[in-house]
1. For region B:197-212, which positions are of a type outside the set (D, E, K, R) and within 8 Å of another protein chain (Cβ to nearest Cβ)?
2. Report the residue count in region B:174-196 for those that are in contact with a helix residue (DSSP H, G or I) (Cβ under 6 Å, 6 or more places away or on another chain) and either surrounded by fewer than 19 Cβ atoms within 10 Å (Cβ to Cβ) or at the interface with another protein chain (Cβ under 10 Å from one of its Cβ atoms) (or both).
3. For residue B:116, indicate whether it is surrounded by 14 or more Cβ atoms within 10 Å (Cβ to Cβ), within 14 Å of another protein chain (Cβ to nearest Cβ) and of a type in the set (Val, Ile, Thr).
4. Does region B:350-386 hold any residues that are out of contact with any His (no Cβ under 7 Å at 6 or more places or on another chain) and without any contact (Cβ under 8 Å) to a residue 12 or more places away in the chain, and which are they?
5. Any chance region B:194-201 includes a residue that's in a loop (DSSP other than H, G, I, E, B) and under 18 Å from residue A:119 (Cα atoms)?
6. Within the group B:101, B:71, which residue is in contact with a Cys (Cβ under 7 Å, 6 or more places away or on another chain), in the same structural domain as residue B:211 (by TED's automatic domain parsing) and under 22 Å from residue B:207 (Cβ atoms)?
7. For the structure I just gave you, tell me whether residue B:275 is more than 22 Å from residue A:66 (Cα to Cα) and outside any loop (DSSP other than H, G, I, E, B).
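The values are calculated or read from the model by the stated rules, or taken from the named source; none is laboratory data. Since the structure is predicted, the reported quantities are computational estimates derived from the model, not experimental observations. As a convention, Cβ positions derive from the backbone with ideal geometry for all residues, glycine included, and neighbour counts pool all protein chains shown.
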Amino acid sequence: MSQHERAAQLAKVGLAAFLVIAVHAGAATGTPDDLELKQTTGTVSAIETDARQISVITGCGHALRVMVFHADAACRIEIDGVVAPLTSLRRGRIVTVRYRSGPEPYIAESIATIPSPDVRGRR
Amino acid sequence: MNRAAAGWTVAAGLAVFGLVAAACAPRHELGGPLDGLKPDELERFDAGRTVFERAFAPETGLGPLFNADSCAECHEDPVAGGVGDEVEVHVAAFDPATGACDPLAGRGGPVIQQMVTPALKAALGIDSEPIPAAASARAHRSTPAILGFGLIDAVPDTAIEALADPDDRDGDGISGRPNHFFDGRIGRFGRKALVPTLREFSAGAFVIEQGITNPDAPTEETIGGDPIPAGVDPVAEPELTAESLSRADDFVRFLAPPDRQPLSHEAKAGRAIFESMQCQRCHVPFLTTGDSPVKALRYRKVYAYTDLLLHDMGPALADICLGDASPSEFRTAPLMGIRLATTFLHDGRATTLEEAIRLHDGEASRSRARFAALTAEQRQSLLAFLRSL
């Protein structure tokens, strides 16, 4: 094997190693596009506009859970069908959130209110 | 005999046979399956009973917070699916000024587990989950029978909505309204009617009562909002398979309601009194199920004696809020199988049916007053009727 061929082979091995490391690094950091897109519906229990985070009560039966979502500038927020800023969202609204799985706070891709049920007779 | 006459004779014979057979039909075994289940549904019912009765241990996922080690530990008397003497603790924070209700889901609520595994006790030195400081009220909840609840599950939302009269437009002092889960669906299960479906109630109960995670409820409870210490619960999630969860759901859904007892002369008189007292305005005698993939659940009358709506029961019974339900609002308790109960009302504070009726207030205050005005004989008749359910 000539010195030229040896150099080319080393370059190939190096490139392969780089690719393997790059793929693993991507998985470890969990870039949003790698994470599964999920959806949940629940009631907004808290809004932190400075941190751009909302808390939503969801759950199964009486096993209730609070999920925290980060809504960055790219997150589409619709209130009653109209695009709106996070500051317009109110506690108690029912929202459907599409988000990326991963550690909390989850990254919200969209937040949309759904009509609230009729609670006439509220005491 | 000509062919027509022979046909009528056979038809008449069959009719008589049918009437006799119906009269002599064996009554359902308490805790048995619904009539009309297919063989594969009966197999699922039997398989589900095994899951319902399975006792979990820390090595199989129990805890680290829990109230019981199996479904049947609480729903046990006189059969699996029956009543129990366990009383659990629920909490919430209610702001009367705004009507806002916080179920304290982020701080371990609304269900506060009364037992811990040895590993959690060793790690934190606690014997039960601490009550969150933010709780404005705590409630006790007794264990009801769940026999026949699959039929309640199969009642359409529209049937519940049709019974609602939130603004009391008919002026009878009774203004039932549905509760809603946090995603907006109509609720029906639980003393505050928060939970929309029986499967969700069961899946959630596996976690909050036994600490058994499952595909529908995949995360453990927190300890007052704090995560479980590392190494305390080494069993991987979910601790119950999708198959086992579905079988447990089948068992509960397919449990037959308790047979109503034949009415004595006294009980018949009591039924008339029940109606004259307007009890049936909330304790609606029957609901009709809707369409269902299970024939045994499809378009059936269920004599549940409830409207599945929230009613104001007055300040003396008030405890926690939950969903849309204010502290004093409770779902009309089903009277189906009330003869099996040994304590009454949502927290078991009444030890007799008569005491339970006397504790009704709010929207039921008129009915309570009518009860107070009954003669001793009439009261006994009413109680005889209730004990037939």
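1. Those that are of a type outside the set (D, E, K, R) and within 8 Å of another protein chain (Cβ to nearest Cβ): B:201, B:202, B:203, B:204, B:205, B:207, B:208.
2. Number of matching residues: 4.
3. Here the answer is no, as residue B:116 does not meet what is asked.
4. Scanning region B:350-386 gives B:350, B:351, B:352, B:355, B:369, B:373, B:375, B:376, B:377.
5. yes
6. B:101
7. yes
Yes or no, residue by residue, for (1) crowded, with 20+ Cβ neighbours inside 10 Å; (2) under 24 Å from residue B:216 (Cβ atoms); (3) hydrophobic (A, V, I, L, M, F, W, C):
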site	(1), (2), (3)
A:48	no, no, no
A:64	yes, yes, yes
A:78	no, no, no
A:81	no, no, no
A:88	no, no, no
A:95	yes, yes, yes
A:98	no, yes, no
A:119	no, no, yes
